[in-house]
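Contents: one structure, followed by commentary.
No lab work stands behind these numbers, since they all come straight from the coordinates. These numbers were taken from a predicted model, which means no experiment stands behind them. Glycine gets a Cβ as well: all are built from the backbone with ideal geometry, and neighbour counts include every protein chain shown.
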Amino acid sequence: MNNTDPAAAEAGGRLISLSNVTVAYDRRPAVHHLSGSFLPGSMTAIAGPNGAGKSTLVKALMNQLPVVEGHIDHAELSSRDFGYLPQAAEIDRSFPLSVGDTVMLGGWHVVGAFRGITAAITAKAREALSAVGLEGFERRPIGSLSAGQFQRVLFARLLLQDARVILLDEPFTAIDARTTRDLMDILLRWHRDGRTIIAVLHDFEQVRAHFPETLLIAREPIGWGPTSSVMTAENLLKARAMAENWDDFAEVCHRPGNKAA
């Protein structure tokens with residue numbers, strides 16, 4: 001269970017709650033028996049070994065993967081309230097899109113299917129590109145960009161989307177240190193603005209330095225709460241030991257709800 005201040009939880013309510021959630025591929029559990037909640041305005045890292053189910057969980061939170069057991073409650077949130085940044089490897093950069101067009105996709109929730117791009121949205125897209133350090137890049141094809149530049153474009157798209165909840169899957173992988181610092185500054189600004197941030201991260205020092213809350217999983221929950229109490233040597237050793245003993249052919253098991261420590 002997320003152990004953020006109980007008074008804040010009661011005052012603000014739980015934004016996203018998970019109750020004994022299991023997510024599986026072909027009946028093979030990738031995440032199982034996970035219970036807890038993300039509070040409004042929280043900033044949470046999802047950490048764990050490779051193959052721990054971190055990306056799977058994010059996709060389930062986005063309703064891109066079904067829950068085979070348990071329940072995810074999104075409270076009053078709608079799909080428009082979510083901004084999602086997948087792993088870079090999942091994005092096809094060969095499609096002939098310009099930087100400007102890619103950023104303006106973040107305004108889709110305003111434009112809809114039957115309205116054109118307005119001058120106001122175009123202006124906001126330019127502002128977003130300027131905010132990520134890519135002023136004047138509007139006409140460049142996305143295929144011509146470096147990994148760091150392209151990640152800046154995707155953050156600009158999120159800026160334009162202006163979502164309440166922002167989910168990011170390994171947003172700093174394979175990008176340079178300066179870009180990482182600049183984009184982390186944007187995340188911290190979103191957090192100060194009261195947005196809810198959920199990010200899959202593999203850099204544990206980054207987690208400790210910037211994320212007040214952490215969900216540590218190794219397919220099953222290891223801990224969920226303040227980073228200082230979750231990212232302990234004991235918990236990390238437990239996660240590694242569980243990873244070394246995974247049964248990739250195990251089927252979904254059914255048992256009463258299990259809350260993370």
Proxy reagent accessibility, fewest Cβ within 10 Å first, across His33, His74: His74, His33
Positive-end extreme of charge dipole, the chain - chosen from Ile222, Ala163, Pro212 (charges on Cβ): Ala163
Helix 119-131 vs. the chain, principal-axis angle (Cα, 0 to 90°, nearest 10): 70
Net charge contributed by nearby residues that have their C-beta within less than 14 Å of Gly194 (K/R +1, D/E -1): +1
Under 13 Å from Lys238, Cα to Cα: aspartates and glutamates that are on another chain or at least 8 residues apart: Glu220
For Arg140, residues with placed amide H under 5 Å, excluding near neighbours: Val99, Gly100
35 Å tail of the calculated P(r), the chain, as % of Cα pairs: 17
Excluding exposed DSSP-loop chymotrypsin sites (Phe, Trp or Tyr not before Pro) (at most 10 other C-beta within 10 Å), longest clean stretch of the chain: 115-248
222 nm mean residue ellipticity, helices alone, for the chain (DSSP H n ≥ 4; -39,500 (n - 2.57); rounded to 500): -10000 deg cm²/dmol
Net +/- balance of residues flanking Leu57 in space, Cβ distance below 11 Å, scoring K and R +1, D and E -1: +2
Amide proton proximity set for Leu65, modelled H, under 5 Å, gap of 5+: Ala60
Antiparallel %, DSSP beta bridges [both residues in the chain], to 5: 55
Dipole moment magnitude, nearest 20 debye, the chain about Cα centre, only Lys, Arg, Asp, Glu C-beta charged: 440
Sorted by Cβ neighbour density within 10 Å, fewest at the top, the residues Leu187, Leu57: Leu187, Leu57
Fewest-first sequence of Ile166, Ile91 by Cβ atoms within 10 Å of each Cβ: Ile91, Ile166
